[in-house]
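Visitor: Would you mind keeping the following structure in view while I ask a few things?
The values are calculated or read from the model by the stated rules, or taken from the named source; none is laboratory data. The structure presented is a predicted model; accordingly, all values stated were derived computationally and were not measured. FYI the Cβ positions are ideal-geometry reconstructions off the backbone, even for glycines, and counts take in every protein chain you see. Heads up: the accessible areas ignore ligands, DNA and RNA and are worked out on the full protein's heavy atoms, side chains in. Shrake-Rupley method; radii C 1.70, N 1.55, O 1.52, S 1.80 Å.
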Amino acid sequence: MVRVGIFGATGYTGVELIRILSKHEKVEIKYLSSQSYNTKAISDVYSSLIGFCDKELEDLNLEKAMSECDVIFTALPSGHASKIAREAVKKGVKVIDLGADFRFDDYSVYKKWYGGDYENYEGIKRVYGLPEVYRETIKEAEVVGNPGCYPTSVILGLMPLLKNGIIEGEVIVDSKSGVSGAGHNPSHNNMYAECNENIKAYNVAKHRHVPEMEQELSKAFGEKVSVVFTPHLTPMTRGILSTMYCKLKKDMDINTVYNVYTDFYKNEYFVKVLQPGNYPATKNVYGSNFCHIGFEVDKHTNTLIVMSAIDNLVKGASGQAVQNMNIMFGINENTGLDIVPIYP
């Protein structure tokens with residue numbers, strides 16, 4: 001059994017980790033931390049967990065967690081995971097961070113977008129945790145930086161095209177996200193009256209997920225890829241639908257595009273390439289670790305339009321983190337994640 005600790009267990013990604021791991025046949029949840037609810041049982045905070053996980057929440061105690069756990073999931077605000085990872089690795093404890101601390105190759109990019117001062121940032125050996133791209137390096141990783149939700153949807157949507165040199169290196173991305181993507185803490189923007197019957201753009205041309213997208217897409221392309229990104233908050237709880245507009249380098253029909261995608265993802269259980277004419281919808285991946293991808297060719301402008309849908313809390317966060325854990329510990333990748341999406 002893999003002994004698991006979760007720091008930040010009462011945020012949305014933390015409780016989603018518990019939901020998934022409580023039914024994972026190879027996992028024992030040993031340690032849960034919460035600054036706001038310490039000494040309470042997690043099932044007293046989230047009644048959905050009654051009988052599945054009734055463990056008491058504790059203040060964050062790194063020494064205790066390291067002595068009890070084989071892997072620690074850090075579901076904390078950016079800036080906290082670096083110090084935790086340094087100590088954990090010394091004790092042979094693996095770390096999977098759901099924040100942004102280990103997503104970037106270049107510290108100056110991280111500091112520009114997220115702030116913070118870390119000593120020897122490059123000295124932490126970390127792997128970007130997108131299994132469909134980095135599976136082999138994840139197997140040997142001590143520290144994994146779990147991708148952001150928007151980047152997961154965009155990178156999976158564009159990777160086959162960039163790897164095969166099919167599109168130009170400038171992409172326009174329009175993404176819609178459910179309100180849970182804004183996190184657990186209340187704010188003016190995620191109040192019911194602000195979100196209900198409303199859809200609005202935010203952080204236009206300045207969202208912190210842009211450099212993460214550009215880093216990974218540029219690696220795939222072999223040269224700089226530029227992303228114009230507009231995210232929108234939509235009146236739903238879960239889900240991301242990303243629509244990507246790409247200029248084709250040459251004429252290509254939709255069946256050829258379909259063959260490129262099916263060949264690229266033929267061995268990827270969690271990526272489903274939809275038949276031409278069938279478009280992704282967030283409802284069809286709700287509560288699951290799947291990514292659905294569809295596309296259309298606009299022959300008038302020679303534009304390829306790619307659409308991808310994920311659940312932002314599962315494939316966009318906690319589910320992908322568990323997928324990474326499975327890979328790191330040599331467990332069947334689908335274990336704990338072979339969940340049929342909830343519909344309707």
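Visitor: Output the residues belonging to region 80-94 that are open to solvent by 10 Å² or more (accessible area, probe 1.4 Å) and touching a residue at least 12 places away in the same chain (Cβ under 8 Å).
Guide: From region 80-94, those open to solvent by 10 Å² or more (accessible area, probe 1.4 Å) are 80, 83-84, 86-87, 89-92, 94; that's our starting set.
Hits for region 80-94 are HIS80, ILE84, ARG86, GLU87, VAL89, LYS91, LYS94.
Visitor: Looking at (1) open to solvent by less than 20 Å² (accessible area, probe 1.4 Å); (2) at pLDDT 95 or above; (3) farther than 30 Å from LYS250 by Cβ, which is the only condition MET213 fails?
Guide: (3)
Visitor: Something else: Report, ordered by the first and then the second residue, all pairs with beta carbons closer than 7 Å, sequence separation of six or more or different chains, a first member in region 132-149 that is more than 15 Å from GLY319 (Cβ to Cβ), and a second member that is open to solvent by less than 10 Å² (accessible area, probe 1.4 Å) and charged (D, E, K, R).
Guide: So the pair list comes out as GLY145/ASP97; GLY145/ASP101.
Visitor: Moving on to the next point. Search region 151-180 for residues being β-branched (Val, Ile, Thr) and part of a helix (DSSP H, G or I), and hand back the single one that is nearest to LYS200 (Cα to Cα). Break it down stepwise before answering.
Guide: Here is the first cut: in region 151-180, the ones β-branched (Val, Ile, Thr) are 152, 154-155, 166-167, 171-173, 179.
Add one more test, that the residue is part of a helix (DSSP H, G or I), and what stays is 152, 154-155, 179.
Details: THR152: 21, VAL154: 20, ILE155: 23, VAL179: 11 Å.
Taking the candidates together, the pick is VAL179.
Visitor: Okay, next question. Name, by its number, the condition in (1) in contact with a Phe, Trp or Tyr (Cβ under 6 Å, 6 or more places away or on another chain); (2) in a strand (DSSP E or B); (3) not assigned by TED's automatic domain parsing to the domain that holds THR301 that does not hold for VAL144.
Guide: (1) is the only condition that VAL144 fails.
Visitor: Is it true that VAL4 is crowded, with 19+ Cβ neighbours inside 10 Å and farther than 21 Å from THR237 by Cβ?
Guide: Numbers: crowded, with 19+ Cβ neighbours inside 10 Å: yes; farther than 21 Å from THR237 by Cβ: yes.
Criteria met by VAL4.
Visitor: Please name all residue pairs, on different chains or six or more residues apart, with Cβ atoms under 8 Å, provided the first residue is in region 173-186 and is farther than 17 Å from THR230 by Cβ and outside the structural domain of SER34 (by TED's automatic domain parsing) and the second residue is aliphatic (A, V, I, L, M) and open to solvent by less than 30 Å² (accessible area, probe 1.4 Å).
Guide: Once the first residue is farther than 17 Å from THR230 by Cβ and outside the structural domain of SER34 (by TED's automatic domain parsing) and sits in region 173-186, its partners that are aliphatic (A, V, I, L, M) and open to solvent by less than 30 Å² (accessible area, probe 1.4 Å) give VAL179/LEU233; SER180/LEU313.
Visitor: Could you pull out the residue among SER67, SER48, SER43 that is closer than 19 Å to GLY14 by Cβ and surrounded by fewer than 16 Cβ atoms within 10 Å (Cβ to Cβ)? Full working, then the answer.
Guide: Details: SER67 fails: closer than 19 Å to GLY14 by Cβ; SER43 fails: surrounded by fewer than 16 Cβ atoms within 10 Å (Cβ to Cβ).
Just one listed residue meets the conditions, SER48.
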